[in-house]
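Only one structure is covered here, and it is reproduced in the block below.
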Amino acid sequence: MDETVAEFIRRTILKIPKTEIMTILKGWDFLSENQLQTVNFQQNKESLIQHLILLCEEKHASFNDVALLDMIYTQVHRHQKVWDVFQMSKEPGEDTDLFDMKQFKSAFKKILQRALKNVMVSFRDTEENAVWIRIAWGTQYTKPKQYKPTYVVYYPQTPYAFASFSSLRSNIPLLGQALTIASKYHQIVQMDLRSRYLDSLKAIVFKQYNQTFEMHNSTTPLQERSLGLDINMDSRIIHENTLEKERVHRITQETFGDYPQPQLEFAQYKLETKFKSDLNGGILAEREEPLRCLIKFSSPHLLEALKSLAPAGIADAPLSPLLTCIPSKRMNYFKIRDK
């Protein structure tokens, strides 16, 4: 086995938490059950890795084999990546073609390999009908960079793909070309939507985040769910406050729905405006360039945080549509300009 393959194995296993190594190796399904039984998973990690490298050497592991192990690890820890969303489209009136997974993989790989002499493409199908793609980019003169790959998750027969770039964002046009041609679409755009939470991005673009609404609505009456309006309410609270709480709860529920929100970490707003004044003169009045500023809202769970602002009395209800439209607009990057 090549020394570079052995180093690839070592570095891939090194980043797997020790408690997960056995599970991920079984998912890899490269080493046999008998081989795994010879491994002492309680020994220190470096000794464990050396033993696993010897077992892989017995089976003549290749870069492609180890790339599959890396994909399995990345699937489990996908929240450690930042994911961009891409949307494809067809020409008006163009019919939807039947999807052939084998044909898609072949076309995708050929397009990249024709454009770049050194590129390695690996695929892995998942139970949720998605195909994971790992691309190790090289150039005409350098070998593929195995430690800075691009990961793509594509859901067949949909116009959406999710991609995480370790580096080389300059390859985005080539990646877009491969996706559109292989999936038989006409063009592709990068959406203004990005997050570490791949499952939440999927829920937003496929509008799956409100699937639990009917279940909640049918099993729990509105009166029982009112924020703070339970039978043990302090009788000294005046009637006007009760009505206000009911109003805030109703508006919050109408705005966000009665279901868990998709998890996003931030929303970014770029404002571009020109100074307006009836007064003559002044530096800002004569300025031809617009005024620009950047506002970023951050939270471990931004949409749930926004949902709680009005009920907590921190903000008035309803909140600005610029904050509440994130799931419906399917974006968390906004550019605001004068009309």
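Nothing in this text is a laboratory measurement; each read-out follows from the coordinates by a stated rule. Values in this document were obtained by computation on a predicted structure and should not be read as measured data. Ideal geometry is used to build each Cβ from the backbone, glycine not excepted, and the neighbour counts take in all protein chains shown.
Could you calculate the contour length gain from GLU304 to GLN50, that is, 0.36 nm times the residue separation minus the distance between their Cα atoms, to one decimal place in nm? Let's see the in-between values first.
Values: separation 254, 0.36 × 254 = 91.44 nm, distance 4.53 nm.
Between GLU304 and GLN50, full extension yields an extra 86.9 nm.
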Quick one, which of (i) 1.00; (ii) 1.18; (iii) 1.29 is the actual Cα Rg over 2.2 N^0.38 Å calculated for this model? (iii)
Using alpha-carbon coordinates alone, the radius of gyration and Dmax of segment 3-76 in Å work out to 11.0, 28
Any idea how far apart ARG169 and GLU58 come out in nm if each label point goes 7 Å out from Cα toward Cβ? 4.6
What's the percent breakdown of Cα-Cα distances in segment 81-204 across 10 Å bins, shortest bin first? 12, 47, 34, 6, 0
Pick from GLN140, GLN187, GLN113: which residue has the top mean-square fluctuation in a GNM of the chain where Cα pairs under 10 Å get a spring? GLN140
Within the chain, what's the longest stretch lacking GluC sites (Glu not before Pro) that sit in DSSP loops with no more than 11 other Cβ atoms inside 10 Å? 129-287
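Which whole-number percent is the relative contact order of the chain (Cα, under 8 Å, 6+ apart)?
Numbers: 445 pairs, mean separation 48.5, N = 339.
In percent, rounded to a whole number, it is 14.
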GLN187-GLN80 pseudo-label distance in nm [points 7 Å out on the Cα-to-Cβ vector]: 3.8
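Could you work out the relative contact order of segment 3-76? I mean the mean sequence separation of Cα pairs under 8 Å and 6+ apart, divided by the number of residues, in percent. Could you put the intermediate results ahead of the total?
Values: 42 pairs, mean separation 37.9, N = 74.
Dividing the mean separation by the residue count of segment 3-76 yields 51 percent.
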Please express the Cα-Cα pair-distance distribution P(r) of segment 113-158 as a list of whole percents, one per 5 Å bin, running from 0 to the bin with the greatest distance. 6, 22, 24, 18, 14, 10, 4, 1
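If you stretched the chain out fully between LEU36 and ILE295, how much longer would it get, using 0.36 nm times the residue separation minus the C-alpha to C-alpha distance? Display every interim value, and only then the final one.
Values: separation 259, 0.36 × 259 = 93.24 nm, distance 5.19 nm.
So the chain would gain 88.0 nm between LEU36 and ILE295.
At a Förster radius of 51 Å, what calculated FRET efficiency corresponds to the Cβ-Cβ distance of ARG11 and GLU94, to the nearest 0.05? Let's see the in-between values first.
On the way: r = 45 Å, r/R0 = 0.87.
The computed FRET efficiency comes out at 0.70.
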Per GNM of the chain with C-alpha springs under 10 angstrom, the most fluctuating residue out of LEU174, LEU98, LEU198 is LEU98
Compute the distance in nm between two label points, each set 7 Å from the Cα along the Cα-to-Cβ direction, one at GLN103 and one at GLN43. 5.1
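For segment 20-143, calculate the relative contact order in percent as a whole number, restricting contacts to Cα pairs under 8 Å that are 6 or more residues apart. Working shown, then result.
Values: 75 pairs, mean separation 23.9, N = 124.
Once normalised by length, the contact order is 19 percent.
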May I ask you to derive the FRET efficiency for ILE336 and ILE314 from their Cβ-Cβ distance with R0 = 22 Å, giving the value to the nearest 0.05? 0.45
Which residue fluctuates the most in the chain, going by a Gaussian network model with Cα springs under 10 Å, if the choices are PHE275, PHE41, PHE165? PHE275
